[in-house]
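Here the structure is laid out as structure tokens; the discussion comes afterwards.
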Amino acid sequence: MKVKFFIIIILVCFSKQNGNAQISTPSGTVSTTTNPTTGNVGIGTSSPNSKLDVAGDLKAIKGVFPGRELEDEVFIDWNDGIEKSIVFSAGKTVPGSANKRLFTMHDLSMSSPHDFNGVFFNMRDRTGKERFNVLLYEGHGSILELKDHNQSELFKVSGNSEGAYLQMPKGSTKVVIGGFSDNPIVGTHKFVVLGSSLIQGNIITDSSIGIGTSIFTDGDDTYKLSVNGNARAEEVKVYNTWADYVFKDTYKLMSLEDIEVYIKENGHLPNVPSAKEITENGLELGGISKIQQEKIEELTLYVIEQYKINNKQSLELEKQSEEIKELRALIETLLEKE
């Protein structure tokens, strides 16, 4: 009875301060019920379970829920702390919990059985399965996560002062930037950027990279980088075997006569691809460099061989010249004696 009277006094005082303020009910009266044991007040209910229990809609311009100014508290166990740390709960009741609902916010300051402080917001579907969580750990990191209808993780961002992590563990996940997932260009690609992109740092892949093409095979060969178009660079470094085998004693160097015959019959040097082969199959940069080096080294051997021949001929000419000089001197001596 005292509580009823107190509420009526408050309403009267409020109406005097604001002449336009009114309380309107279908019957023109305010009906409340007070539980004398707990002191709980109920509007529209005869068994209020909270200090104010309203069985019906509640409308206001502004609502402030200060909750409790929490100090470190002691709980029976972790679940007891979670239940008692709820500061906002709305929607259907979650199975297995008296206070958790579809939208629940916790403000937890626990000293026992764990030393733990944090603020959590959970959103559930109507079966009670968690689908969206925000976790803020005092003095530590934060977590934002989204789950599917089986509570399997779809999206998660976690991090602290040292850095953040973004993970989407499902193998079928696709990320589209600058467009929508129904764009045909997306196809089976996991990451699609519609428009220019800039990456500062290294790009590392254990698969292949295609520029202007998605084809990475040519005959029996598979390439890590495939470019459909022109490529420009200040320098290209190729790792390959080299042609120093030409200088080994076991290498069979064709004679110039045989090379001449081969060129007349085939139209190109031995072991060098023809123009037709290059047109049809392309040019292997590392392979052609090796072949060109082979020809340079063979040419060097031919030059050395020719040098030896020329040097030998020069020595023979010098010897012949000396012999001619000696013969001339001998002839002159014989002529003088006559």
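Only a single criterion out of (1) farther than 30 Å from G141 by Cβ; (2) at pLDDT 90 or above; (3) loosely packed, with under 10 Cβ neighbours inside 10 Å is not satisfied by L198, namely (1). If only residues of region 208-240 that are modelled with pLDDT under 90 and polar (S, T, N, Q) are counted, the one that is nearest to S289 (Cα to Cα) is N240.
Restricting attention to region 38-80, which residues are among the β-branched types (V, I, T), in a loop (DSSP other than H, G, I, E, B) and open to solvent by less than 50 Å² (accessible area, probe 1.4 Å)?
T45, the sole residue that qualifies.
S152 falls short of the stated requirement of being among the hydroxyl-bearing types (S, T, Y) and within 28 Å of D53 (Cα to Cα).
For region 259-282, filtering for residues that are surrounded by 11 or more Cβ atoms within 10 Å (Cβ to Cβ) and under 38 Å from the mean Cα position of the chain (by Cα) leaves 2.
Return the only residue of T127, T93 being open to solvent by 50 Å² or more (accessible area, probe 1.4 Å), of a type outside the set (D, E, K, R), closer than 30 Å to T173 by Cα and at pLDDT below 95.
T127
Residues L301, L330, L256, L285: which one is in contact (Cβ under 8 Å) with a residue 12 or more places away in the chain, over 30 Å from V227 (Cα atoms) and open to solvent by 70 Å² or more (accessible area, probe 1.4 Å)?
L256
For region 216-246, what are the residues that are assigned to a loop (DSSP other than H, G, I, E, B), touching a residue at least 12 places away in the same chain (Cβ under 8 Å) and either surrounded by 10 or more Cβ atoms within 10 Å (Cβ to Cβ) or under 24 Å from the mean Cα position of the chain (by Cα) (or both)? Selection gives Y223, K224, N228, V238, N240, W242, A243.
Looking across region 141-185, just one residue is open to solvent by 50 Å² or more (accessible area, probe 1.4 Å), in contact with a Leu (Cβ under 7 Å, 6 or more places away or on another chain) and charged (D, E, K, R), and that is K170. Filtering region 143-172 to residues that are polar (S, T, N, Q), within 18 Å of the chain's Cα centre (by Cα) and at pLDDT below 95 leaves only S172. In summary, L70 fulfils each of the numbered conditions (1) modelled with pLDDT of 70 or more; (2) under 30 Å from L136 (Cα atoms) with the single exception of condition (1).
The values are calculated or read from the model by the stated rules, or taken from the named source; none is laboratory data. Nothing here was measured: the structure is a model prediction, and the numbers come from that model. Don't worry about glycine lacking a Cβ; one is built from the backbone with ideal geometry, like all the others, and counts go over all protein chains shown. What goes into the accessible areas is simple: the full protein's heavy atoms, side chains included, and nothing from ligands, DNA or RNA. Shrake-Rupley method; radii C 1.70, N 1.55, O 1.52, S 1.80 Å.
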